[in-house]
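Let me begin by presenting the structure, written as structure tokens, before commenting on it.
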Amino acid sequence: MSKNTPKAIRGTQDIFGADAEAFAFVVETFERVRRLYRFRRIEMPVFEKTEVFARSLGETTDVVSKEMYSFEDRGGDSLTLRPEFTAGIARAYLTNGWQQHAPLKAATHGPLFRYERPQKGRYRQFHQIDAEIIGAVEPQADVELLAMADQLLKELGIEGVTLHLNTLGDGTSREAWRAALIEYFSAVKDQLSEDSQQRLEKNPLRILDSKDGRDKPFLADAPKIDDFLSDEARAFFKAVTDGLDAAGVKWVRAEALVRGLDYYRHTAFEFIPDEGSAAAEALGAQSTVLGGGRYDGLMESLGGPATPAVGWAAGIERLAMLVGKREIFDRAKLVIVPDTGNVEELAWYYTSQLRASGLSVEIAYSGKAKKRIDKARRTDPDAIFFVRERGHAEGNEYLRQGAHMSVIAMDELAEKVGTILGVGKIDWSR
RNA sequence: GCGAUCGUAGCUCAGUUGGUUAGAGCGCCGGUUUGUGGUACCGGAGGUCGGGGAUUCGAGCUCCCUCGGUCGCCCCA
């Protein structure tokens, strides 16, 4: 590589090969599952006015205060590359009159941007799948969303991941709990870690899931949200958990699970790898694979009417790390190898016929005949079809399967190929 | 933002206590051999050893800075 060549931006990735296939598998599975749950596909702009995020996430959150890619455009507006989906979707809901579709079940996926230190499973441009239900006050919305997340993970073949569930209560419950936590931790402030002393100011809920040994002695006796829940909030949470049980979604109560962003209310959840599982090993410190909750307060922060909503997002890269390597591209079903010379047009004829019939076919046309064969073999296909000059050996087409090779007649090819690939006789007439 | 660790050909890596023209395997290109066209061999191209500076007669090997990768903290998906 020349030192003249520009390098990729830090924290971005060029995904290729098995990783790219795993990425695609995650997105394709998500698309399939969201249709089962009848979530509508939406497409969103990658950037918004900065205030969309600043007002909804909270000015003091780390995301807003130091992780956003914000810039001034040529018209002088402050714009920001989306650091998450929810705020933009909420803005779109308000500005497009999507209220008429309420409750709106929406799904999308794409790149997000956050200026963070890159790490395993954490990038500056990363990708998420996202699902939201907007305009539904019912706890059943939470249940449906979580059932979808659970099924998605199952269909991705991801095991050893458990739903951790908590409630933050309604606005009043949450504030009362927060005040109690501040009071409780302030009394022992000197003994807390530096990080937690700061959290006491900015986000006291976060002290609860501190990993610092100095904080842990105080966590067990910290005030519990359950003691601050209003009757309504308690009933709501019970309806959610009852619904999950009925839907067959396994969950565990996680009293210390909180959300970093200001707009969350009631249900908060994360799917987290079980300790010691292969999934936990694969993800390193970035443990959450899918997270979300209810955000009844968000729409108002954007100047809209009070609108209940729930949603979740999952990092595609993290999910892709858990689905394992996928080599579907590397393994060709059938490779067509024309000898150099006058048979290449014939080979193209066969190839286009087979592709039009719906078969995935590779044609080797690069290099000399020997190279073509070597390359064909390396893809480990189910079959290699040699197209040769008339007069070569006994025929002009050979179909090879494994170590066995046989001469076949042209009119048998469709059937032979179909049989070897297990797709029945190929219809070339289309 | 903080800490640790790594950075040699396209890829995976060797490179002894600093010493002459930096190596291997794979891949790529060319050739020979083989042949129911999964072989073997020969040759070739490709590196200013991430970048910059310092020490030294001399640095891929030492020191400093810087840019990246990786892992952890913070935060979060």
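Taken together, the values in this text are just the output of simple stated rules run on the coordinates, not laboratory data. This one's a predicted model, so the numbers in the text were calculated from it and none came from an experiment. Note that we place each Cβ from the backbone using ideal geometry, even for glycine, and neighbour counts take in every protein chain shown.
At R0 = 25 Å, how high is the FRET efficiency between residue A:155 and residue A:102 if r is their beta carbon distance? Nearest 0.05 is fine.
Result of the calculation: an efficiency of 0.35.
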Which whole-Hz couplings ³J(HN,Hα) result when phi for each residue of the range A:51-66 is put into the Karplus expression 6.51 cos²θ - 1.76 cosθ + 1.60, θ = phi - 60°, listed in order with x for Gly and Pro?
5, 4, 7, 4, 6, 7, 7, x, 4, 8, 5, 4, 4, 6, 6, 8
Once the Cβ-Cβ distance between residue A:49 and residue A:380 is put in as r, and R0 is 51 Å, what FRET efficiency do you end up with, to the nearest 0.05?
0.50
Could you give the length gained by full extension between residue A:209 and residue A:72, i.e. 0.36 nm per residue of separation minus their alpha carbon distance, to one decimal place?
45.6 nm
What distance in nm separates the two pseudo spin-label positions at residue A:20 and residue A:285, each 7 Å out from Cα along the beta-carbon direction?
3.1 nm
Would you kindly state how much longer the chain becomes between residue A:60 and residue A:368 on full extension, computed as 0.36 nm times their sequence separation minus their alpha carbon distance, in nm to one decimal?
104.5 nm
Give me the percent relative contact order of the range A:194-301, please, defined on Cα pairs under 8 angstrom at least 6 residues apart.
22 percent
In sequence order, what are the phi-derived ³J(HN,Hα) couplings for the range A:238-245 according to the Karplus relation 6.51 cos²θ - 1.76 cosθ + 1.60 with θ = phi - 60°, rounded to whole Hz, with x for glycine and proline?
5, 4, 5, 5, 4, x, 5, 4
To the nearest 0.05, how large is the calculated FRET efficiency for residue A:116 and residue A:355 if R₀ is 56 Å and r is the Cβ-Cβ distance?
0.80
How far is helix A:410-421 tilted off the main Cα axis of chain A, in degrees rounded to 10, range 0 to 90?
30 degrees
Chain A: relative contact order from alpha carbon pairs under 8 Å, six or more residues apart, as a whole percent, is 16 percent
Please determine, in degrees from 0 to 90 and to the nearest 10, the orientation of helix A:86-95 with respect to the longest principal axis defined by the Cα atoms of chain A, where the helix direction is its Cα long axis.
80 degrees
Could you give the size of the charge dipole of chain A about its Cα centre, using +1 on the Cβ of each K and R and -1 on the Cβ of each D and E, expressed in debye and rounded to the nearest 20?
1320 debye
Dividing the helical contributions, -39500 (n - 2.57) per DSSP H run of n ≥ 4, by the residues of chain A yields a 222 nm value, nearest 500 deg cm²/dmol, of -11000 deg cm²/dmol
Under 5 Å between amide H atoms, partner at least 5 residues away or on a different chain: which partners does residue A:112 have, H built in plane at 1.01 Å?
A:126, A:127, A:128
What ranking of A:310, A:249, A:26, A:258 emerges when the number of other C-beta atoms within 10 Å of each C-beta is taken as an exposure proxy, fewest first?
A:249, A:258, A:26, A:310
Can you give the angle from 0 to 90° between the axis of helix A:344-356 and the longest principal axis of chain A, with both taken from C-alpha atoms, to the nearest 10?
40 degrees
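Using the structure shown, select from A:189/A:216; A:105/A:250; A:154/A:250; A:189/A:211 the pairs with a Cα to Cα distance greater than 19 angstrom.
As for pairs spanning more than 19 Å Cα to Cα, those are A:105/A:250.
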Kindly identify the range A:29-177 as rounded, prolate or oblate by the Cα gyration tensor criterion: order the square roots of the eigenvalues as a ≥ b ≥ c, call it rounded if a/c is under 1.5, otherwise compare a/b with b/c, prolate if a/b is larger, else oblate.
rounded
Could you tell me which of A:8, A:285, A:305 has its Cα farthest along the dipole of chain A towards the positive end, charges placed at Cβ (Lys, Arg +1; Asp, Glu -1), taken about the Cα centre?
A:8
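Would you please put A:272-279, A:42-49 in order of how densely packed they are, using the mean number of other Cβ atoms within 10 angstrom per residue and starting with the highest? Each step should come with its number before you reach the end.
Details: A:272-279: 16.0, A:42-49: 14.1.
Output ranking for A:272-279, A:42-49: A:272-279, A:42-49.
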Suppose the Debye formula is applied to equal point scatterers at every Cα of chain A; what is log10 I(q)/I(0) at q = 0.08, 0.09 Å⁻¹?
-0.60, -0.71
